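Note sheet for the following structure.
The values are calculated or read from the model by the stated rules, or taken from the named source; none is laboratory data. A quick note: this is a predicted structure, and the numbers were derived from the prediction, not measured. Glycine gets a Cβ as well: all are built from the backbone with ideal geometry, and neighbour counts include every protein chain shown.
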Amino acid sequence: MLSLVIPVYRNEGSLPELLLALRHLNETLVSRLEVVFVVDGSPDRCYELLREALPQQCFRSQLILLSRNFGSFMAIRTGLQFGQGERFAVMAADLQEPPELVREMNRVLSEQEIDVVVGVRSRRQDPLLSRLASRVFWGLYRRYVVPEIPSGGVDMFACNKAFRDTLLSLDERHSSLIAQIFWLGFRRASVSYERQERQYGKSAWTLRKKVNYLMDSVFSFTDLPIRLLIRTGALGAIVACMLGTLVLVARLFGEIDVPGYAMTMLTITFLGCLNLLGLGIVGSYAWRTYENTKQRPLAIPMRVERYEVMHE
């Protein structure tokens, strides 16, 4: 059985078409289908609409309501945890990724010696600014976090149960699920698809969330900020020495009459470069370490409902 995990947040408008696409997917799949909807504290009527519609569907389903908005990655982890299949797949509820891709990833998992399949965007039908922002974001991601990640990024993936169990064992908060997939390794394959234009609602994947996600990925998977801190501190020390030499020469030639001015300037510049610049970076690592020691649940399922197949 294939367990398809779908995080739901502000997707009220796309739900009817999504359910129709899932019914078609269920008919074309050779194996059984279970769909796990995880409503991530959505403020609209997504939960109520799904609760009314799921008992009449021709596929098995679960409906999980989280106590608040924990983010899409935590919603995906929750869905993977509750899924009961031998294989697992993830797709968004906005239908920008074609449901046919789920069938293709399931075929690869079933027929090949593969543990995880990622969907690679060959093209995307998004506005120009969105495409440019995405290109910059994933370009930085490839350069500083995960060099193996496709240039267009990854939004969908499928895996077997062994990979799912290993992925869930990484009990980390403020991390990147996509980076974890590539960090784990295993036998990996990819399938390409064309990202469709969004038809309903507005994406909740805002610039602020993208920046936070990039920071979480950087601080969780690379020591780049520490290395930048060392280099910046070294450069700052060199500049401080040059400035100190300039001030000393000016003092010797009588250009500076204020006593102690040279030492004050040198001390402020040097300590400012070495200390103040690094406080935010080191503090970010310390804060993430502290968050992981709290051992709070990554997400809180408030309601879990299961629906069996009522009719074929």
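Summary table
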item: Total residues in the range 94-110, condition within 22 Å of Ala179 (Cα to Cα) and at pLDDT 85 or above; result: 6
item: Condition check for Leu49: more than 28 Å from Arg121 (Cβ to Cβ) and aliphatic (A, V, I, L, M); result: yes
item: Some residue of the range 185-201 being crowded, with 20+ Cβ neighbours inside 10 Å, in a strand (DSSP E or B), in the same structural domain as Arg77 (by TED's automatic domain parsing) and modelled with pLDDT under 75; result: yes
item: Members of the range 27-47 that are closer than 25 Å to Glu111 by Cα and not in a helix (DSSP H, G or I); result: Leu29, Val30, Ser31, Arg32, Leu33, Glu34, Val35, Val36
item: Scan of the range 12-33 for residues that are at pLDDT below 85 and crowded, with 17+ Cβ neighbours inside 10 Å, ordered by number; result: Glu12, Ser14, Leu29
item: Residue, modelled with the lowest pLDDT, within the range 287-312, restricted to residues that are surrounded by 14 or more Cβ atoms within 10 Å (Cβ to Cβ) and in a strand (DSSP E or B); result: Pro301
item: Residue in the range 126-138 that is closer than 20 Å to Gln96 by Cβ, at pLDDT 85 or above and in the same structural domain as Met74 (by TED's automatic domain parsing) present; result: no
item: Top-ranked residue of the range 69-79 - restricted to ones that are modelled with pLDDT of 85 or more and in contact with a strand residue (DSSP E or B) (Cβ under 6 Å, 6 or more places away or on another chain), ranked as surrounded by the most Cβ atoms within 10 Å (Cβ to Cβ); result: Ala75
item: All positions within the range 48-64 that are farther than 12 Å from Pro7 by Cβ and either part of a loop (DSSP other than H, G, I, E, B) or in contact (Cβ under 8 Å) with a residue 60 or more places away in the chain (or both); result: Arg51, Leu54, Pro55, Gln56, Gln57, Cys58, Phe59, Arg60, Ser61, Gln62, Leu63
